[in-house]
Every structure is written in C-alpha cells, then in structure tokens.
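Comments concern the structure below.
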C-alpha cells in the first residue's frame, strides 16, 4: 500500500508541477506562440465550459462511487489495484481539462479560460491520494474509527458470542443485571406486614 501511495503521489505532484509551469509561462508570455491572442468562437468557448462543468463533478463522483462499491474487507492487492485505477482516472481527467483551458487561454488570452484554470488547480486539492483512505478498504466496517479498547471488546464478542443474550451487547447485559439487583434490593427493603392481635381478630371456638 505504501508503494502504491508513493506512485500515486508522484503522478499527482508531477501533473500539478507540469501544468503550473506551462500556465505560468503562458501568463508571463514566455511561450512565444499566440502571444497576440487569436479569436475563439463562442461555440468553442461554450463547449469548453460545458465539458468542465460536467467533467469536474463526474470524476470526483465516479471515484467515490468506485470506492463505495469495493466490499470490505478486501485483499490488499485487490484494494490497491482498484484504488490506483480510480485515482489515475480522476487525476488524468481533471489534468486533461486543465490542459485544455491552458491551451485555449494561450491561444485566445480569454480570461474565462484563465479563471477556469485557477478553479481546476483548486480542485486538485481534493484529489490527493490518501493512505488512510486505501487502508480503510482492507478493514471491516465495524473496526473503522474504533479505539483500542472498543476494538478489543469487538474481538471478544466475536470470539465468545454466547456471552450475550439475543442481540444485546455485554454492556446492555451488565445494565440489565444492575437493574435486576436494584429490583431485588427494593423488594428486600419492603417491610413485612405486621399482624396485630386484636380481640375481634381472634376466632372463638365453635364459631
């Protein structure tokens, strides 16, 4: 998993550095082509904006959907392969859209393409590979986010399932036992009824 994350981070930072370098060279007119700006048709501009509006959320949503489809726990090899493929698809989709806007800005000097490029660089912040995200694919859902004590209790419940009654946990059983003890204490605290000897309560012989 560490090797996969290093590979993904290499592609991630490499793409950002390359695109940022091209973008900066374009801004400062260090790229000699199309420095005066060419006219871009309105149709081309609309298609470029529409592609961006569709591609950005679609790539992020597809990545999340692919991870959600992976059953937990999954073998490390399978998890790393699926995570790597989904990450590459998300990264290079956004990189292609970013490069498209940089090229269009270089040709036309249209500020719409400039601001779309800035937004896409911000979107890259949500595409950083995460080791924790990959590690969660190899763990059972019940163990994610548990402390050491809670994880130990979960393991004990799995090893000794007969210690609980029905679907109640051991904590519920302990609370039930405490309530039952209190009930017995309340019963013991009830005073026994006193039988006073009054003459009218005595039974006369023959009656």
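Taken together, the values in this text are just the output of simple stated rules run on the coordinates, not laboratory data. Everything numeric here is computed off the predicted structure, so don't read it as measured data. Neighbour counts run over all protein chains shown; Cβ positions are idealised from the backbone, glycine included.
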Notebook entry, point to check: Can you sort 42, 97 so the residue with the fewest Cβ neighbours within 10 Å comes first?
Noted result: 42, 97
Check: How do 139, 2 rank when sorted from fewest to most other Cβ atoms within 10 Å of their own Cβ?
Finding: 2, 139
Check: Working out 0.36 nm times the residue gap between residue 139 and residue 70, then minus their Cα-Cα distance, what length gain in nm do you get to one decimal?
Finding: 23.7 nm
Checklist line | residue 27-residue 130 FRET efficiency (beta carbon distance; Förster radius 22 Å; 0.05 resolution) | finding: 0.10
Next item on the list: For a footprinting-style exposure proxy, rank 95, 29 by other Cβ within 10 Å, fewest first.
Entry: 29, 95
